[in-house]
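J.: Have a look at the structure that comes next, please.
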Amino acid sequence: MLDFFTIFSKGGLVLWCFQGVRGPAAAATAPVNALIRSVLLQERGGNNSFTHEALTLKYKLDNQFELVFVVGFQKILTLTYVDKLIDDVHKEFRDKYRNEFQQKGTLGILNGTFDFKDDFMRLLRDAEESSKVRAPTVMKTFEQSLKSQKTVKCMIETRGEKPKEKVKNKKNKGSKKEGTESAAAPGKASAGDKQPSTAGEKEELTKDEILQKNREEFFRRHMRAGEKSSKSPKPEAQKEKGKKPRVWDLGNSNAKVLDYSNSATNGSTEAGPVEDFDPDIALGDRNREPGRLYDLEYESDEEVEEEKVIQNPSKPSKKKSGLGGMFGMLKGLVGSKSLTREDMDPVLEKMKDHLIAKNVAAEIAVQLCESVAKKLEGKVMGTFTTVTSTVKQALQEALVQILQPQRRVDVLRDVMDAQRHRRPYVVTFCGVNGVGKSTNLAKISFWLIENGFSVLIAACDTFRAGAVEQLRTHTRRLNALHPPESHGGRTMVQLYEKGYGKDAAGIAMEAISYARNQGFDVVLVDTAGRMQDNAPLMTALAKLIAVNAPDLVLFVGEALVGNEAVDQLVKFNKALADHSMAQTPRLIDGIVLTKFDTIDDKVGAAISMTYITSKPIVFVGTGQTYCDLRSLNAKAVVAALMKA
C-alpha cells in the first residue's frame, strides 16, 4: 500500500501527485521537503532510498528534463514492486509528455496539464500482479539432489580403510620421502667410506706426525675465529653515564618553579605562578589581527587537461591521421548526446581511486561517485565539453556542498546571546585518545580571550596522568599572554579542577555553577579520551552531556585518519544516543579537525567526517602555537583534494 507518489520539477513545481492514504493533502509535503533538504541539496544521492520518521521514500532523478519521481510508503512494509513501479512510471511519463517538454520547455511545465492517473493505476496494478506471479521457491526433491546420484557402495566405509584421496596424498608423500631418503643415502655411504680411510691414515702416521697435524689444525681454526672477530664492528666508545634533563623551548629551567609537590592547588581555581617565556614562540605570527579566525589556505595551480591525439607517423597517411585525430578529439566530446552511465564509468572509477588515495573513506568515495552518476545520467551536455571535465566539475560542486552543511556554527554570536541571558556558554570536547583535545581547547581559549570573553576551563579528564597539569600549564601561559592588568584587573582564564579519580559529570556541573556565580562568559569542558568501542566510558560521556546540557558538543578528530573517521563518528553518535536517558538524545554538534598541517594534500578526512554526520567543521588545528587555529575553507579543501 503506497502512501503517495509525486512527480515534481527540480525547480520545486509539483506536476502530478497521487495519494493512496486518506488524510490531508499536505501529508506528503514534510517527507518530500526533508528529502530535498537532506539528500538532493546536500549531494547525497548515492542511495535511492531515504527514511523520514515512519516513512520510507524512494526516488529517481531525470536529469534531461529536470524531474524528480518520489514514492512513499510505511517503512514496516516490504514492497518488492516499488523499484519496478518507479522505473515504469518514469518511462511512461517521459514518453507521454516528451514533446511537450522539448518544444515548450519551462512554459510547457508551467502551463501544462498532466492527466496521469489512469496510466499510473494501470502501472501500479501491473507491478503488484508481477510481484504476486513469482512462484515461491520450492525445495529440491531427493532425485534432483547430487546425493541421489551416488551409489550405496561408494558411501560405505569399512573400518580401518581410508578414503582414496587421502591414500593418494599419502602415496605422494611416501614417494617424496623415499626420494629424499634415496638422495640422502649416497651421502651417508660416502661419509661412511671416508671414515675408515681416515682411520687407516691415522694408523699409518707416527705419533709425532699426528701431534704436528693436530697443532696445524688447531692454529687454522684459531686463525679463522680471529678473522671473524675482526670483521665484526668495533664497539663505540662508552657514552657518559647519567641522563641529562631535557630543556624545552617554552619551559623553565628553574627546578623550583617546576616543583609542584608542595602545591595546594588541587580543588582550587588559582592559576598558579606566572612563568617567564618568549611570547613570540607561543604566538607565532605577530603581524596577525588579534581575535580574527583566518580561513584555511591552500595554493594550487589550475590543471589544464590536454587531449593527446595518437597520429600515424607514415607520410601517405598524413591526411587520414589528421582526420582521425580530429575525430578522435571529437569522440571525447559529448555534443548534444545525453550522458549515459557507460560514458561516465571509466572516469568515475578513476575519480573513486583518486579520492581513496586522498584519504577519503572507501565507502564514502563510492557513494560520492554514485551520487554524481545519478546527477549527470541523462543530462545533455554542451557541444565542446568532455566527459572528464563534466564529471570532475560535478564532483567538485558536490564536495563543496558537502563541506557546507545545513547548520553553520557561529560561536561568537552564540556566546554573546548567552551573555544577554546572563549565563555562561558551555562547550564540551570529546574524542578518542591522543587527537589533541587539550591542546586545541587551549587554542580556542586563546581565540575567545582575544575576542574579549573570559574563559573557565573545567578539567574533567580525571583519568589520564598529567591531564590536569597540562591544562594548568596552558592556563599559566594564557594568563602571561593576557595578564589581568591588560583587562582592567580581570583574570581572563582560570582552571577549575578537583584532581584525579573523581566523577567527571559532577566536576563539570560544579564548574558551570562556579562560572555562573563568578560571571565567566565561556566554560570549556575537557573530557578524557576514549575509544568508541568502550561501553563504560561512552556511558560516562553520555551522562556528562545529558546532566550538564552543554550548548555545543564538539568531536575532536585528527586529519590523519581515513576509514577510521567514519567508524569513530558513527559509533560516538550511536553511543550518545543509546546511553542517554533523554527522549531526544544530544548528539555531536560540530567537529574540530586537528593536525591538518601534517597531511599535505591528503585532506579526505574532512570529507568523510562531514558526509557521515552532516555536521560542520567548526575549527581546524594547523600547528603548535596558540594562533594556529583556522576556520574551514571549503574551496581550498576541495582544491587540495582534486589536485593530481
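The values are calculated or read from the model by the stated rules, or taken from the named source; none is laboratory data. This one's a predicted model, so the numbers in the text were calculated from it and none came from an experiment. In this analysis, Cβ positions are derived from the backbone assuming ideal geometry, glycine residues included, and neighbour counts consider all displayed protein chains. Accessible surface areas use protein heavy atoms only, side chains included; no ligands, DNA or RNA. Shrake-Rupley method; radii C 1.70, N 1.55, O 1.52, S 1.80 Å.
J.: Highest mean first, what order results for 410-418, 370-378, 435-443 on Cβ atoms within 10 Å? Kindly include the intermediate steps, with their values, before the conclusion.
T.: Working: 410-418: 15.0, 370-378: 19.9, 435-443: 22.6.
So the peptides 410-418, 370-378, 435-443, ranked by packing, come out 435-443, 370-378, 410-418.
J.: For region 489-644, what log10 I(q)/I(0) values come out of the Debye formula at q = 0.10, 0.14, 0.17 1/Å, with one point per alpha carbon and no solvent?
T.: For region 489-644 at q = 0.10, 0.14, 0.17 Å⁻¹, log10 I(q)/I(0) is -0.43, -0.81, -1.11.
J.: log10 I(q)/I(0), Debye, Cα-only region 340-403, no solvent, q = 0.27 Å⁻¹?
T.: Those come out to -1.29, one per q.
J.: Return the FRET efficiency for the residue pair Glu469, Ala357: r is the Cβ-Cβ distance, R0 is 45 Å, and the value is rounded to the nearest 0.05.
T.: Working: r = 41 Å, r/R0 = 0.90.
About 0.65, to the nearest 0.05.
J.: A further question follows. What whole-number value in Å² describes the accessible area per residue of region 2-131 for a 1.4 Å probe?
T.: Details: 6660 Å² over 130 residues.
Roughly 51 Å² per residue, with all protein chains present.
J.: Still on this structure, please answer the following. Using amide H atoms built in the peptide plane, which far-off residues or other-chain residues are under 5 Å from Thr594 H to H?
T.: For Thr594, the qualifying residues are Gly557, Glu558, Ala559, Gly621.
J.: Another question about this same structure. Normalized C-alpha radius of gyration of region 446-554, against 2.2 N^0.38 Å?
T.: On the way: Rg = 14.5 Å, N = 109, 2.2 N^0.38 = 13.1 Å.
Output field value: 1.10.
J.: Would you kindly state how much longer the chain becomes between Val14 and Asp503 on full extension, computed as 0.36 nm times their sequence separation minus their alpha carbon distance, in nm to one decimal?
T.: Numbers: separation 489, 0.36 × 489 = 176.04 nm, distance 5.57 nm.
Answer, rounded to one decimal: 170.5 nm.
J.: How would Asp526, Asp95 rank on accessible area, largest to smallest, probe 1.4 Å?
T.: Details: Asp526 0, Asp95 90 Å².
These residues rank, largest area first, as Asp95, Asp526.
J.: Can you give the percent of C-alpha pairs in region 2-131 whose distance is more than 18 Å? Before the final figure, lay out each step's value.
T.: Numbers: 4444 of 8385 pairs.
Roughly 53 percent, rounded to a whole number.
J.: Could you tell me which of the pairs Lys75/Lys374; Lys350/Lys379; Lys498/Lys595; Lys132/Lys337 are separated by over 28 angstrom between their Cα atoms in the structure shown?
T.: Details: Lys75/Lys374 24 Å; Lys350/Lys379 21 Å; Lys498/Lys595 30 Å; Lys132/Lys337 39 Å.
Those over the limit are Lys498/Lys595; Lys132/Lys337.
J.: Now for a different question. Calculate, in nm to one decimal, what Val138 and Asp578 gain on full extension: separation in residues at 0.36 nm each, minus their alpha carbon distance. Mind dumping the intermediate values first?
T.: On the way: separation 440, 0.36 × 440 = 158.40 nm, distance 4.17 nm.
Roughly 154.2 nm would be gained on extension.
J.: Assuming a viscosity of 0.890 mPa s and a temperature of 25 °C, what translational diffusion coefficient in µm² per second does Stokes-Einstein assign to region 385-532, Rh being the Kirkwood radius over Cα pairs? Don't skip to the end; give the middle numbers.
T.: Working: Rh = 17.2 Å.
For the chosen part, D equals 143 µm²/s.
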